[in-house]
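Visitor: Take a look at this one; I'll ask things after.
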Amino acid sequence: MLPLRSPQTLSTMAQMRREFGVTARALRYYEEQGLLAPARRQQMRVYSDRDRARLKLILGGRRAGFSLSAIRELLDIRDKEGGTSGLAKALPRFRAQLGVLENKRRQLDEAIETLKAASARLAQGGGANVEQQQHPNQRQA
């Protein structure tokens, strides 16, 4: 079976945009931030397999809620350490981010429950007291 890509496939910005669903502006921004380093052929950017792999990691990191600076650090660890050593350094950061996301989920669940309760009261005609009720996290002056 033939490989889908040659060992070093170069892609244009348009190909990267289509493949990853990102904008040209995002690709240029990641380049400005030093996260991607496409080569130039005349006036055109060409992206290597390394750029493609880094973009996958950048987008995955963004979906996981990492900041670009945290993603840069993770990419640096991957580039410098690689292997088991790199994974050992990245794991605590992943676990910390998981904790952040779980906390956000708890906050969102509380907000959803608050809105459900308020909606139920409004649906039953008890809307007059909704404005006077205080959110559990608010303190009276």
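Visitor: Quick one: if the Förster radius is 35 Å, what FRET efficiency do residue 29 and residue 110 give, using the C-beta to C-beta distance and rounding to 0.05? Please list the in-between numbers first.
Guide: Values: r = 34 Å, r/R0 = 0.98.
Result of the calculation: an efficiency of 0.55.
Visitor: On average, how much accessible surface per residue is there in region 1-84, in Å², for a 1.4 Å probe, leaving out ligands, DNA and RNA?
Guide: The answer is 66 Å² per residue.
Visitor: Then there's this: When the accessible area of region 40-122 is split by element with a 1.4 Å probe, what percent falls to carbon and sulfur?
Guide: C and S fraction of accessible area: 57 percent.
Visitor: Another one. Quote the FRET efficiency, to the nearest 0.05, computed for residue 40 versus residue 17 with a Förster distance R0 of 22 Å and r equal to the Cβ-Cβ distance. Numbers along the way, then the final one.
Guide: Working: r = 17 Å, r/R0 = 0.79.
Computed FRET efficiency for residue 40 and residue 17: 0.80.
The values are calculated or read from the model by the stated rules, or taken from the named source; none is laboratory data. A quick note: this is a predicted structure, and the numbers were derived from the prediction, not measured. Note that each Cβ is placed from the backbone with ideal geometry, even for glycine, and that neighbours are counted across all protein chains shown. Just the protein is used for accessible areas: all its heavy atoms, side chains included, with ligands, DNA and RNA removed. Shrake-Rupley method; radii C 1.70, N 1.55, O 1.52, S 1.80 Å.
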